[in-house]
Amino acid sequence: MKSFSKRFIPFFLAMLFLGSSLSAFSFFERSYPDIEGSYLLVGKSKRSASSYRGIVEINRVGDNYSLIWKIGTSTTQAGIGIFQGDILSVAFYDLNDPEFTGVASFRLTDEGNFEGPWASSNSSGGQGKETLRRL
């Protein structure tokens, strides 16, 4: 009987350690809030006195997010973003003018919308601002 218990104790301890390790890993698993969907875009550039409007589509792609901006009737931009905490950081470019590139940093509000600044390759050091309201 002693022989069985001596062999069982290391097995039991190994299973206990493995079980607690798996629990620890599940504790650190990243949860993704549901930010996918369509958003009404309202933006303003420092270079222009008028604001612009459009629609932004956000789709999850693995750990990242794909964004498509449709602004007015002629401008479409595409971007890739990462979401950490309450910040969605995005690099983007204009599909009609690939030389037009930029970055945006959106904060998720308590209402489930995004707002934040953006800068582009031709913004001469200035920043614009966009608000994305979930539709």
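Short to long, the 5 Å bins of the Cα pair-distance histogram for the range 63-112 hold 5, 20, 26, 22, 16, 8, 3 percent of all pairs. The magnitude of the dipole of the range 74-135, with charges of +1 and -1 set on the Cβ of Lys/Arg and Asp/Glu and taken from the Cα centre, is near 80 debye. Qualifying trypsin sites (Lys or Arg not before Pro) in the range 51-135, where qualification requires a DSSP coil assignment and no more than 10 other C-beta atoms within 10 Å, are lacking entirely. Only aspartates and glutamates eight or more places from K46 in sequence, or on another chain, were considered; those with a Cα closer than 14 Å are E130. Model label points for I82 and R53, set 7 angstrom from Cα along the Cα-to-Cβ axis, are 3.5 nm apart. The string of couplings for the range 95-107 from the Karplus curve (6.51, -1.76, 1.60, θ = phi - 60°) is 5, 7, 9, x, 6, 7, 10, x, 9, 9, 9, 9, 9 Hz, one whole number per residue in order, with x for Gly and Pro.
Normalised by 2.2 N^0.38 Å, where N counts its residues, the alpha-carbon radius of gyration of the range 33-82 equals 1.26. Straight-line reach only, C-alpha to C-alpha below 14 angstrom: list the aspartates and glutamates that K129 could link to, leaving out same-chain residues fewer than 8 apart. List returned: E115. Annotation: amide H-H contacts under 5 Å for F100 (H modelled 1.01 Å from N, sequence separation of 5 or more, or interchain): D94.
Read-outs throughout are calculated quantities, based only on the coordinates presented, and are distinct from any laboratory measurement. Just so we're clear, the structure is a prediction, and the values are computed from it rather than from any experiment. Using ideal geometry, Cβ is built from the backbone for each residue, glycine included, and neighbour counts are taken over all protein chains shown.
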